[in-house]
Amino acid sequence: MFFALTDDQREFDAAVRGYLAERFDLEAVRGVVEDPAGDGHPASLWKAAAEQGWPAVLVPEEHEGLGLGLVEAQVIARALGAGVAPGPWRGTVLAAEAIRLAGSPEQQAAWLPRLASGEAVGALAPRGSAPGTLPAVEYGAVADVVVVRSGEGLALVEASAFSATPQGSYDGTARLASLAVDGTGEALPGATAEIVAELTARATVLVAADLVGIAREALSRTVAYDRDRQQFGVPVGSFQAIKHALADLHVGVTMAEHAALYAAHAVDAGLPDAALAVAVAKAKAGDVALDATAAMIQYHGGIGYTWEHEAHFFYKRAKRLAGQFGDSDAQRARIAELTIDTVPA
Amino acid sequence: MDLTYTEAEEEFRSELRSWLSANIPDEWTRPGFWESLDDDESFRLRRDWERDKALAGFAGIQWPTEYGGRGGTPGMKAIYDEETVRAHAPRTVNPLGLTFLAPTVMAIGTEAQKKEIIGPMLRNEVIWCQGFSEPGAGSDLAALTTKGVRDGDDFVVNGQKVWTTNAVHGDKIFTMVRTEPGSSKHRGISMLLIDMHQPGVDARPLKQMSGASEFGEVFFDDARVPARDCLGEIGDGWRTAMLLLSFERGASGIAQYTEFRRQYDQIVEVARALGRDKDPVMRGTLARVLTELECLRLHAMHVLTQVEQGRDLGFEASMTKLQWSEAFQDLWEVFDDVLGEDATLDSIDGIDLRPLHAQAMWSRSVTIWGGSSQVQRNITAERVLGLPR
Ligand SMILES: Cc1cc2nc3c(=O)[nH]c(=O)nc-3n(C[C@H](O)[C@H](O)[C@H](O)COP(=O)(O)OP(=O)(O)OC[C@H]3O[C@@H](n4cnc5c(N)ncnc54)[C@H](O)[C@@H]3O)c2cc1C
């Protein structure tokens, strides 16, 4: 039994976190947040990401990727969540996943090396289908290629075939755009219903992992602040009302960490309970990220409500991601289908 | 990531499975069977069955053979926990001994204690009680006042313990006793292993809210115990107790998951029978608790991994306790929601609800014993998160 990250996976984690801490800290994030008209896609960060192989993580080695698994990808996603980092990493990885899973050899050869190297930016449209208007596409405005629903399957739409209109969003750590697509795009021939479901599962796991990273970081920062902040002559963290809330959050965040890790493995290994694992991970991660980021504001007091403080980066990002690919209620509806409507053997 | 067990471990699983299927009467797996027996009868039946199981080699899975164990791996212990629940094996009659005392003895006991305690415990020749709580010392265990005065080679013990599980069935009781006159708080306490079959010990049952009498109170009136029957050093009982409680709190998540998951299915079955399984609010509530149960399963895999890597879980055990006990309690609160206005009825539409109610009642206790949830949150906040005391 080995349910944990390996040393290599830990190193990957440390590398992403180390880069963000040194080169793209919360001041840099603030720069992106406070420039809402900008593309939210800092060139320096994307260059470093590409050099370190973050977009290449799931691309097979034959297409110049790292050929790693969803466990490694969720390590990166978690670290990016912890750093509330901007940029089109998830969309690029997921577009490459769609092409890996359902693309023709030609499509794979054309796109995978470019997406792996960061030369091309990808996006995944979570809603709508082509032709039509696809709302709230993460980094749709800077994408070279977008994976969209088309009929029952999936299709690629290149930048020349859509027009992007930026959509304002109070989560300034990312950029959203609505895409107007005229044609049906270039079909991904292997996109069966199962493949579409698998792509959604993978997207859901990566969003859950980002939320878990947000939650852990929000909790750690709150603990650190409340250890120092004095009121009534003592650190506020010595008050039991705060202690118990933070202890419960610690348990919850730890469980969400387990759940995201397991879901990533379950999807990669095709375990029989993968669908349940994904729904559990997203429901738990979404809930705990909303709780932890709300607690971050509450247990910082007034300063936590200021624009100057970083609590709102975490809170707003959690708000956005908690709703992606099915919010917690939708995940629970799925869990109910899987555990109530099927009579156990 | 490797969620499989070794070949040897899987072999152990199939051996255990076949022993269990040959040795558990069908009748025992019927819901409500155990609840239909009186306390003494249930105790006797379970005690004898467990002895036979030990004699067949399925006890003390991870303890060395020289002390009567099987000499297995932590993985085999996890398999044992899972399979016994799955096969509807009866609940152990020696939980305090097996789960808490035995690992403590294995960790810090003398060679003689290991030899004397483990084997007889596995065969249920000695049923152990835990004598920690007193009327004035529960969460604040260090406030205990049961006294031991040295008299030659013995201690003479006076005082009272309460909420003692298995009090009336117990043979011996590991007891926190203040052995240094005038000492206070954590100092001067010893953990003495006291024989309950002597005139100075009087055990009486207490009836629980469920109606059963699984716990009781134990009075010491000049009870004698040889000073060498002390676990850990004399005067160092606090340290011994903290070690022991870490085993209590870190109890097997995999056994609990397996059991609770089956209970979830039972609750769903009732919901279905009552036509309440389609109500979206009900479904959301059930799914919420199922989420926590799945997290418990994953946490158990995490704990097993840490144990196999030789890491000490330390205060993380408080998290394990919080997760399983709170999830279990939530599960049975959902049951009330399922029953709605008929929550207290013994049966509805011919479904006997009493065995389920018994679990629901029991769920109120799990956030109290072994350190209440409030105490676990204090420990987690202070010892894990490092918040100031
Ligand atoms: C079914 C069952 C079996 C048991 N078996 C045994 C046994 O075999 N042996 C044994 O020794 N004991 C046993 N106990 C006793 C159990 O260990 C105690 O009940 C428990 O430690 C709590 O102590 P108490 O009952 O004195 O409650 P108290 O300590 O008086 O607690 C009352 C309330 O105050 C809260 N509280 C206490 N301190 C704090 C704090 N610092 N911060 C916040 N809240 C606090 C508690 O959480 C609780 O809600 C058993 C109890 C039960 C219910």
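The values are calculated or read from the model by the stated rules, or taken from the named source; none is laboratory data. Nothing here was measured: the structure is a model prediction, and the numbers come from that model. Note: ideal-geometry Cβ built from the backbone for every residue, glycine included; neighbour counts use all protein chains shown. Please note that ligands, DNA and RNA were not included when accessible areas were found on the heavy atoms of the full protein model with its side chains. Shrake-Rupley method; radii C 1.70, N 1.55, O 1.52, S 1.80 Å.
Let's see how each residue does on (1) under 22 Å from A:I195 (Cα atoms); (2) touching a residue at least 12 places away in the same chain (Cβ under 8 Å); (3) surrounded by 19 or more Cβ atoms within 10 Å (Cβ to Cβ):
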| site | (1), (2), (3) |
| --- | --- |
| A:G67 | yes, no, no |
| A:L70 | yes, yes, yes |
| A:A77 | yes, yes, yes |
| A:L80 | no, yes, yes |
| A:T92 | yes, yes, yes |
| A:A98 | yes, yes, yes |
| A:G103 | yes, yes, yes |
| A:A125 | yes, yes, yes |
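One residue stands out in segment A:310-345 among those that are surrounded by 18 or more Cβ atoms within 10 Å (Cβ to Cβ) and part of a loop (DSSP other than H, G, I, E, B): the one that is farthest from the other protein chains (Cβ to nearest Cβ), namely A:E310.
Residues that are within 14 Å of chain A (Cβ to nearest Cβ), surrounded by fewer than 19 Cβ atoms within 10 Å (Cβ to Cβ) and assigned to a loop (DSSP other than H, G, I, E, B) occur at least once in segment B:264-274. Got a number for residues in segment B:83-98 being part of a helix (DSSP H, G or I), surrounded by fewer than 19 Cβ atoms within 10 Å (Cβ to Cβ) and either free of Cβ contacts under 8 Å to residues at least 40 places away in the same chain or within 15 Å of the chain's Cα centre (by Cα) (or both)? Going through segment B:83-98 one residue at a time, the tally reaches 1. Kindly establish whether B:A107 is open to solvent by 60 Å² or more (accessible area, probe 1.4 Å) and closer than 18 Å to B:R70 by Cα. Criteria met by B:A107.
The set of residues in segment A:218-242 being open to solvent by 40 Å² or more (accessible area, probe 1.4 Å) and within 20 Å of the chain's Cα centre (by Cα) consists of A:S220 alone. A residue that is within 14 Å of the ligand (Cβ to nearest atom), away from chain A (no Cβ under 14 Å) and assigned to a helix (DSSP H, G or I) can be found somewhere in segment B:226-238.
Could you say whether any residue in segment A:248-257 is crowded, with 22+ Cβ neighbours inside 10 Å, part of a loop (DSSP other than H, G, I, E, B) and either in contact with a Gly (Cβ under 7 Å, 6 or more places away or on another chain) or charged (D, E, K, R) (or both)? Looking for residues that are crowded, with 22+ Cβ neighbours inside 10 Å, part of a loop (DSSP other than H, G, I, E, B) and either in contact with a Gly (Cβ under 7 Å, 6 or more places away or on another chain) or charged (D, E, K, R) (or both), one finds none in segment A:248-257, hence no. The criterion of at least 1 residues that are more than 15 Å from the ligand (Cβ to nearest atom) and within 13 Å of chain A (Cβ to nearest Cβ) is met by the following helices (runs of 4 or more DSSP H) wholly inside segment B:300-389: B:317-339.
Among the residues of segment B:186-209, the ones that are part of a loop (DSSP other than H, G, I, E, B) and open to solvent by 60 Å² or more (accessible area, probe 1.4 Å) come to 6 in all. With respect to the conditions (1) within 16 Å of the ligand (Cβ to nearest atom); (2) open to solvent by less than 10 Å² (accessible area, probe 1.4 Å); (3) farther than 22 Å from B:V168 by Cα, B:S139 lacks only one, and its number is (2).
Listed here are the residues, each with its yes/no results for (1) of a type in the set (V, I, T); (2) touching an Asp or Glu at 6+ places or on another chain (Cβ under 9 Å); (3) open to solvent by 30 Å² or more (accessible area, probe 1.4 Å).
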| position | (1), (2), (3) |
| --- | --- |
| B:T179 | yes, no, no |
| B:S184 | no, no, yes |
| B:S213 | no, yes, yes |
| B:V218 | yes, yes, no |
